[in-house]
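Structure first, commentary second.
The values are calculated or read from the model by the stated rules, or taken from the named source; none is laboratory data. As the structure is a prediction and not an experimental result, all values here were calculated from the model. Cβ atoms come from the backbone with ideal geometry, glycine included; neighbour counts cover every protein chain shown. The area values use the complete protein model at the heavy-atom level, side chains included, leaving out ligands, DNA and RNA. Shrake-Rupley method; radii C 1.70, N 1.55, O 1.52, S 1.80 Å.
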Amino acid sequence: MLARVYSCAVVGLDGVIVEVEVDTGSGLGGMTVVGLPDTAVQESRERVQTAIKNAGYRMPRKRVVVNLAPADVRKEGPSYDLPMALGVLAMMAEVPMESLESSMVLGELSLDGSVRHVRGVLPMAALARQQNFKRIFVPAPDAAEAALIPDLEVIPVNNLAELAGYLNGRISLQPQPVAEAAEKEIWVQTDFRDIKGQEHIKRALEVAAAGGHNILMIGPPGAGKTLMARALPAILPKMTIDEALDVTRIYSVADQLPPEVPLIHARPFRSPHHTISHAGLVGGGNWPHPGEISLAHRGVLFLDEFPEFGQRVLEVLRQPMEDKVVTISRAQGSLTFPANFQLVAAMNPCPCGYYGDPVKPCTCSMSMVTKYQKRISGPLLDRIDIHIQVPRVDYEKLSDSRLGEPSSVVQGRVEAARELQRIRFKGTSTACNADMHPAEVRKFCVLDDAGRSLVKSAMNQLQLSARAYHRILKLARTIADLAGAENIATTHLAEALQYRPRMEI
């Protein structure tokens with residue numbers, strides 16, 4: 001008797017319904033899996049047969065054929081173990097077929113029949129809800145994650161024997177309760193109030209956080225660039241529920257969802273080492289998986305020692321910084337991952353780090369300084385809104401016992417500015433000022449005569465590109481939002497212009 005169980009595959013960040021068809025064929029006992037399975041799926045034959053035996057059932061003495069349809073979608077990972085086992089039991093009439101109607105099944109099997117965690121449960125559960133499935137059977141550790149999807153009954157499963165008993169009506173299993181994941185307080189190592197001096201850097205970070213702008217900090221070693229970058233999460237605005245689900249879906253597919261955290265509330269802060277490959281940064285593999293820029297979606301990508309990254313690695317950032325998505329093409333097809341991240345970079349001005357320092361002399365020749373700075377291309381620098389010099393901190397400021405403004409106060413101003421932007425861009429895909437398209441810049445960044453005169457003068461003197469012109473207007477709009485101003489004033493434009501690069505590239 002042909003048995004059919006519904007499961008799911010993840011392609012990119014989206015789910016695809018997979019029909020697990022099980023029937024017997026002529027030949028000696030054993031199991032054959034077809035339907036474009038990878039090695040992990042092929043190895044499920046041994047896991048399924050042993051798990052069925054240890055659950056108290058017998059495998060049929062005939063050859064069992066398992067088809068994973070559609071056959072043109074690559075199947076990877078062990079999440080098909082449980083639906084295969086249920087298909088075999090249903091084929092042998094050990095489990096009633098009608099009990100599997102309108103149900104999706106996911107799970108990896110151990111040899112003793114227990115069900116293990118699988119990745120990508122959230123997009124799979126979302127697809128089950130979209131395709132009008134009534135319930136979904138998932139491993140018990142993943143039940144809280146699947147329960148984030150409303151109007152879907154989530155049944156946590158501990159082992160195969162327990163699930164078979166439930167489907168036969170011998171035992172009862174309680175659905176996972178639908179509950180909001182408790183929001184945890186974001187813990188950061190450093191509060192803004194503990195950072196001595198560098199008030200203009202704190203202001204630049206506040207502007208960057210308020211509008212989602214990219215920022216590059218340049219200064220000598222030990223000036224506090226990394227310290228302030230790592231204090232940035234404390235002033236970032238809180239994510240909306242849609243943003244939280246978006247980020248959680250990526251981490252679920254990448255199998256990096258933290259334990260006991262079904263829903264990510266804190267904005268991601270990713271800080272890869274400069275030895276990372278371009279595939280590790282943008283994503284890749286034989287069958288592409290999300291890279292660091294996708295894991296930093298709706299959050300911060302911090303690149304410390306910016307020029308030490310490989311030039312090819314840095315250049316692959318240019319397109320995602322503009323389009324907010326990255327498309328990875330392979331022979332099997334193309335996949336698109338979201339990459340709406342905020343770039344925060346830090347660098348020394350030269351190899352020794354002291355070029356332009358008023359206290360310690362630089363030991364580098366001008367050719368070495370120029371070569372070091374030219375590791376970062378002009379087009380990439382043009383995509384960074386804020387360029388800020390980070391000078392060394394004087395002893396008087398370091399030894400001052402007075403505390404600065406706490407991060408919570410700064411975050412309050414950032415939240416107020418973001419609320420203005422949410423109202424401004426309501427009903428559109430734009431989330432913050434940095435994401436504005438040219439039509440939105442023309443509509444929301446209107447200048448008076450004095451502002452137009454100032455920008456015209458700056459365009460001629462600084463030889464700004466059209467991209468830089470639009471980025472200055474976006475930055476001025478954010479500065480005006482922080483000030484609670486309806487229109488962009490000349491003072492807002494002046495502050496935005498001072499953040500343009502001063503390096504000789």
Note to self: C-alpha centroids of the stretch 326-405 and the stretch 23-63 sit apart, in Å, by 55
Is any residue of the stretch 252-293 close enough, with backbone N under 14 Å, to a label point placed 7 angstrom from the Cα of Thr226 along the Cα-Cβ axis, and if so, which?
271-275
Rounded to the nearest 10 degrees, the helix 449-462 long axis (Cα) sits at an angle to the longest Cα principal axis of the chain of 90
Normalised by the number of residues in the stretch 182-314, what is the relative contact order in percent for Cα pairs under 8 Å and 6+ residues apart?
21
Nearest 10 degrees, 0 to 90: helix 407-424 Cα axis against the chain principal axis
80
Summing -39500 (n - 2.57) over every DSSP H run of at least 4 in the chain, dividing by its residue total and rounding to the nearest 500, the 222 nm mean residue ellipticity is -10000 deg cm²/dmol
Straight-distance crosslink candidates among lysines, where the alpha carbon sits under 26 Å from Lys426 and sequence neighbours closer than 8 are dropped
Lys238, Lys324, Lys443, Lys474
Please state the relative contact order of the chain as a whole percent: Cα pairs under 8 Å, 6+ residues apart?
13
For the chain, the longest principal axis of the Cα atoms and the Cα long axis of helix 121-130 enclose an angle in degrees, to the nearest 10, of 70
Peptide ranges 152-159, 81-88, 433-440 listed from the most packed, as the mean C-beta count within 10 angstrom indicates
81-88, 152-159, 433-440
Just check the stretch 261-343 against the gyration tensor rule for me: Cα atoms, a ≥ b ≥ c as the square roots of the eigenvalues, rounded for a/c under 1.5, and otherwise prolate or oblate depending on whether a/b exceeds b/c.
oblate
Antiparallel bridge percentage (DSSP; both residues within the stretch 26-121; nearest 5):
25
Row for the stretch 400-505, column shape: gyration tensor on C-alpha, a ≥ b ≥ c, rounded if a/c < 1.5 i.e. under 1.5, prolate if a/b over b/c, else oblate; value oblate
Bins of 20 Å, starting at 0 and running to the largest distance - Cα pair percent for the chain
21, 44, 25, 10, 0
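Write down the accessible area per residue of the chain in Å², having rolled a 1.4 Å probe over the full set of protein chains.
Values: 22840 Å² over 505 residues.
Accessible area per residue: 45 Å².
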Under the rule a/c < 1.5 gives rounded, and otherwise a/b versus b/c splits prolate from oblate, where does the stretch 31-153 land using the Cα gyration tensor?
prolate
Taking a cut-off of 18 Å between Cα atoms, list the lysines near Lys397, but don't count ones fewer than 8 places away on the same chain.
Lys196, Lys202, Lys225
Could you name the lysines whose alpha carbon sits less than 23 Å from that of Lys62, not counting residues in the same chain fewer than 8 places away?
Lys53
Positive-end residue of Pro307, Pro272, Pro288, charge dipole of the stretch 184-340 with Cβ unit charges:
Pro307
Determine the gain in length on full extension of the stretch Arg330-Met97; use 0.36 nm per residue of separation and subtract their C-alpha separation, reporting nm with one decimal.
80.0 nm
Of Ser365, Gln421, Ala51, which is farthest towards the positive pole of the chain's charge dipole, taken about the Cα centre with +1 and -1 on the beta-carbons of Lys, Arg and Asp, Glu respectively?
Ser365
